[in-house]
Amino acid sequence: MHLKYESQLREPLVYGDKTYHQVTEDIIRPIEAKPTKLWYVGFYISVALLMFGVYSVYREVTYGIGQWNLNKTIGWGWDITNFVWWVGIGHAGTLISAILLLFRQGWRTGVNRAAEAMTIFAVMCAGQFPIFHMGRVWMAFFVLPYPNSRGPLWVNFNSPLLWDVFAISTYFTVSLLFWYSGLLPDFATVRDRAKTKLRKLLYGMAAFGWTGSTKHWQRHESLSLVLAGLSTPLVLSVHTIVSFDFATSVIPGWHTTIFPPYFVAGAIFSGFAMVQTLMLMVRHIFNLKDYITIGHIEAMNKVIVLTGSIVGIAYITELFMGWYSQNKYEAYTFMYSRAYLFSPYGWSYWGMMACNVLSPQIFWFRKMRRNVFVTFFMSIIVNIGMWFERFVIIVTSLYRDYLPSSWSVYYSPTIWEIGFYAGTFGLFFTCFFLFSKYFPVIAVAEIKYVLKTTGENYKADMKKQEVMKADEFAHEYAH
Amino acid sequence: MAKKKFIVGCFDTEDTLFPAVKKVRMAGYKLHDIYTPFPVHGLDHAMGLRETSLHTAGFIYGITGTTTALSCISWIFTKDWPLNIGGKPHFALPAWIPIMFELTVLFAAVGMVLTFCYLCQLAPFVKKHHFHARATDDLFVMVIEATEKTNEADTLAFLQANGAVETNVQIAEPGWWFGRYDKEQQLINESVVVAH
């Protein structure tokens, strides 16, 4: 009896001769085994980067924002670029787990756990930038609306920067809850096969006493579905609000209504690229090629070429509007500061165009979508391109504004600005390496749920359903 | 809570589990629960469980969030400390929509997860009796509660005849208690078996 019918024509999502027990074995074994040498190398590099970041932040906190190369004209530089970049990356996880759940896309099961983890770590990294950009970071709690002894002087609820505080913290909380509630059954699986005392204690604690009761599963399903329904508009709202940081201002190049959809598409684009980078590493290091298949990679590449093209249309629309509006400030920003190759920052605009719009077009070819090396290379190119996009938006709009006397000198970051960025890479990868070692990187229960409809060795059973008459089929399979 | 006696039958595939559930219910056994390694769709209906109303709770939490945001912001900006922001209206509803939306989602999500944990009695250091260690791996563990009328041997034979690959009788505490999974623990006050 199959709970769901899936055509034999569809590629299997799980390869190999798998039973339920084999799925558990394959995914849980890396948790129980000693980490590989490759893991240690990666982990220590990440920790070293993190330490460098901590020192860079220490300098910034001690000596002030002057440690960075910001000036009166370019008040937002690398830090806000990095913030938007990390938040954008943090969008793919919830997109995969929530939107693809609502669309009933079976392939999400192989990648959702790691993508959600990536979301959480990316949002953690993103949060560092606006917090430390405040300068007096010990005053960071001033952004929270609480009855205080300063009046009470409240925060400005009409400001997009405050909307950001709410959006990012809500997004982080909801993603964490979604991720952790999905992890409970898998932690229980690790707990119930644990041999050592420490593992029994820790995973026993982490699994919250999960038993697998049918009633609990029923509630769990309902919870996942509603959380997915809530996260879907949430994920769209978060980057919309991030784009409002720019769009509600009067700076040429920022003051555009196209920003929300354009930012959301860009976020999905860069997020999927980061998922590709990580999943290709995970499937290689932990030998999970049966679960994260070429089919998964191809599906994600399709999303990349779609969103990359949406972003491309947005760039061209912006450029067109710069000319069509006949506003000389807009025209100057778009035609000179950005699109003119030999203007001071023209290189960054064309770098962005090359990485985000032109190069992903190779994914129109099936061979390229299914090539692991091309995908890995492209996933990095896309993220470089998306970093350039934020840099272009922020810096090219700021460095020459309405008043030529305040035009800034060429802005380039100091070592501590770069160090802070490198440090968030350290934080991100330290978390990700720990996650990949101690957490089930693939949702075990969800793979088991789709195994009998889409596993390679079960696919043949679908034939019986294909030759069956429709009413016979309905009678047999409807509960 | 008192300990009870349970008859446990383990199935290795949902193909045998579903007909067995039907037969167990038809035969009038008191089905305690079925523990599965993944959500088996339709099993809740087969067992006759009612739909969960968790999503209704989520809706209520959500509108609580919306009203919290709207009432707090409007009180703050029109009554407590009206700020003049570029001469714009104090009651600037469109500008509050983002925060109202975010709080709706936040309240709904946090509330639902807490309710879920409360209803399923899930928390760190909560310990429960697990009828089979492989219930979270590859076995579908059907647990029948033994009452005065239950004939143990008959029930075991009945389960085996219906495809159970492993059967046994267990005396266990059906509730939860605080404990650690690295230690063999039961409830502090060991209680007697009530049903036979």
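A few remarks follow.
- Positive-end extreme of charge dipole, the protein assembly as shown - chosen from B:GLY28, A:ASN383, A:SER343 (charges on Cβ): A:SER343
- When each of B:TRP176, B:TRP81, A:TRP85 is scored by the number of other beta-carbon atoms lying within 10 Å, the sequence from fewest to most is B:TRP81, B:TRP176, A:TRP85.
- Cα shape, the stretch B:54-119, gyration tensor, a/c 1.5 rule: prolate
- Taking A:SER406, A:SER149, A:SER46, A:SER243 and counting other C-beta atoms within 10 Å, the order from fewest to most: A:SER149, A:SER406, A:SER46, A:SER243
- Grouping the Cα pair distances of the stretch B:11-63 into 5 Å bins from zero gives a pair-distance distribution of 4, 15, 25, 19, 12, 10, 7, 5, 2, 0 percent in increasing distance order.
- About its Cα centre, chain A has a charge dipole of approximately 960 debye under the convention of +1 per Lys or Arg Cβ and -1 per Asp or Glu Cβ, with nothing else charged.
- Inter-probe distance in nm under a simple model that places probes 7 Å from Cα toward Cβ, at A:LYS72 and A:SER405: 0.9 nm
- Taking every alpha-carbon pair under 8 Å whose residues sit at least 6 apart, chain B reaches a relative contact order of 48 percent.
- Mean silhouette area of the stretch A:20-454, derived from the convex hull of its C-alpha atoms and averaged over all directions, reads 23.2 nm².
- Selection of chymotrypsin sites (Phe, Trp or Tyr not before Pro), the stretch B:34-121, meeting DSSP coil and at most 16 other Cβ within 10 Å: B:PHE91
- Residues whose amide H lies under 5 Å from that of B:GLU166, counting only those 5 or more places away or on a different chain, are B:CYS10; hydrogens are built 1.01 Å from N in the peptide plane.
- Think of each Lys and Arg Cβ as +1 and each Asp and Glu Cβ as -1; about the Cα centre, that makes the dipole of chain B roughly 560 debye.
- Near A:TRP163: Cβ cut-off under 10 Å, other residues only, Lys/Arg at +1 and Asp/Glu at -1. The net charge is -3.
- Neighbour net charge for A:PRO152 - beta-carbon separation under 15 angstrom, K R +1, D E -1: +1
- What the phi angles of the stretch A:349-358 give under the Karplus curve with 6.51, -1.76 and 1.60, with θ = phi - 60°, is a coupling list of 5, 6, x, 4, 4, 5, 6, 8, 9, 6 Hz, glycine and proline written as x.
- A cut-off of 5 Å between modelled amide H atoms, ignoring neighbours fewer than 5 places along the same chain, links B:LYS127 with B:TRP177, B:PHE178, B:GLY179.
- Fewest-first sequence of A:PHE334, A:PHE425 by Cβ atoms within 10 Å of each Cβ: A:PHE425, A:PHE334
- The local environment of B:ILE7, defined by Cβ-Cβ distances under 13 Å, has a net charge of -1 under the rule Lys, Arg +1 and Asp, Glu -1.
- Shape class of the stretch A:348-479 from the alpha-carbon gyration tensor: prolate, with a/c at 1.5 or above and a/b greater than b/c.
- The relative contact order of the stretch A:87-139, computed from alpha carbon pairs under 8 Å that lie at least 6 residues apart in sequence, is 43 percent.
- Mean separation of Cα pairs under 8 Å and 6 or more residues apart, divided by the residue count, gives chain A a relative contact order of 33 percent.
- The stretch B:108-185 and the stretch A:82-155 have Cα centres separated by 38 Å.
- Charge-dipole axis of chain B as Lys and Arg at +1 and Asp and Glu at -1 on Cβ define it, positive-most pick from B:PRO98, B:VAL8, B:PHE125: B:PRO98
- Annotation: average projected area of chain B is 16.2 square nanometres, based on the convex hull of Cα atoms across all directions.
- Charge dipole (Cα centre; +1 on Lys/Arg Cβ, -1 on Asp/Glu Cβ; no other charges) of the stretch A:1-147 amounts to roughly 140 debye.
Taken together, the values in this text are just the output of simple stated rules run on the coordinates, not laboratory data. Just so we're clear, the structure is a prediction, and the values are computed from it rather than from any experiment. All Cβ positions, even for glycine, are placed from backbone atoms using ideal geometry, and neighbour counts span all protein chains on display.
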